[in-house]
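Asks: The structure under discussion is supplied below as structure tokens; questions concerning it will follow.
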Amino acid sequence: MHAEYRKLMDAFDRLLRESLFVAAFLCLPLLVVATAVGTVVALLQAATQIQEQTLSLLPKLLAVGVAVGLFGGYGMHLCAALFADAISQLAGIVHGV
């Protein structure tokens, strides 16, 4: 009984770990782009002493939109692979097969 439970929990743990990695891989490029653009805009604002709030938001919004366009196909591929893996493991996790 204990070995069977451990096997089920290992399968669930692996699926959960894969899900967290996919979430990290989806968020990381967008966070890096937003951080880099925000830093550049902050440096330009500090150098020119222009403190306009919309000036910092618009470049980040545009850069993240471009990043979503560039990395979106990769992200959808990762999500589709995770979904297929989850569906294939679902019966084994639920029924203990």
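Rule-based calculations on the coordinates, nothing more; no lab input. Please read all numbers here as calculations on a predicted model, not as lab measurements. Here Cβ is always computed from backbone atoms with ideal geometry, including for glycine, and neighbour counts include all displayed protein chains.
Asks: Answer with yes or no whether Arg17 is under 14 Å from the mean Cα position of the chain (by Cα), exposed (fewer than 14 other Cβ atoms within 10 Å of the Cβ) and charged (D, E, K, R).
Replies: Criteria met by Arg17.
Asks: Taking the condition in a helix (DSSP H, G or I), without any contact (Cβ under 8 Å) to a residue 40 or more places away in the chain and of a type in the set (D, E, K, R), does Asp13 pass?
Replies: Yes; evaluated as a whole, the condition is true for this residue.
Asks: A follow-up question, please. Return yes or no: is Leu44 aliphatic (A, V, I, L, M) and over 30 Å from Val22 (Cα atoms)?
Replies: Yes, satisfied.
Asks: Testing Gln51 on (1) more than 29 Å from Leu70 (Cα to Cα); (2) in a helix (DSSP H, G or I); (3) of a type outside the set (Val, Ile, Thr), one condition comes back false. Which one is that?
Replies: Gln51 satisfies every listed condition except (2).
Asks: Taking the stated definitions as given, is Ile50 free of Cβ contacts under 8 Å to residues at least 60 places away in the same chain, closer than 25 Å to Arg14 by Cβ, out of contact with any Lys or Arg (no Cβ under 7 Å at 6 or more places or on another chain) and surrounded by fewer than 12 Cβ atoms within 10 Å (Cβ to Cβ)?
Replies: When the stated conditions are applied, Ile50 does not pass them.
Asks: Can you name the residue in segment 53-92 that is over 25 Å from Glu18 (Cβ atoms) and of a type in the set (Ser, Thr, Tyr) and, of all such residues, is surrounded by the most Cβ atoms within 10 Å (Cβ to Cβ)?
Replies: Ser56
Asks: Anything in segment 55-94 that is of a type outside the set (A, V, I, L, M, F, W, C) and in contact (Cβ under 8 Å) with a residue 40 or more places away in the chain? List them, or say none.
Replies: Gly75, Asp85, Gln89, Gly92
Asks: Now for a different question. Somewhere in segment 30-37, is a residue assigned to a helix (DSSP H, G or I) and farther than 30 Å from Ala81 by Cα?
Replies: Yes, the conditions are met somewhere in segment 30-37.
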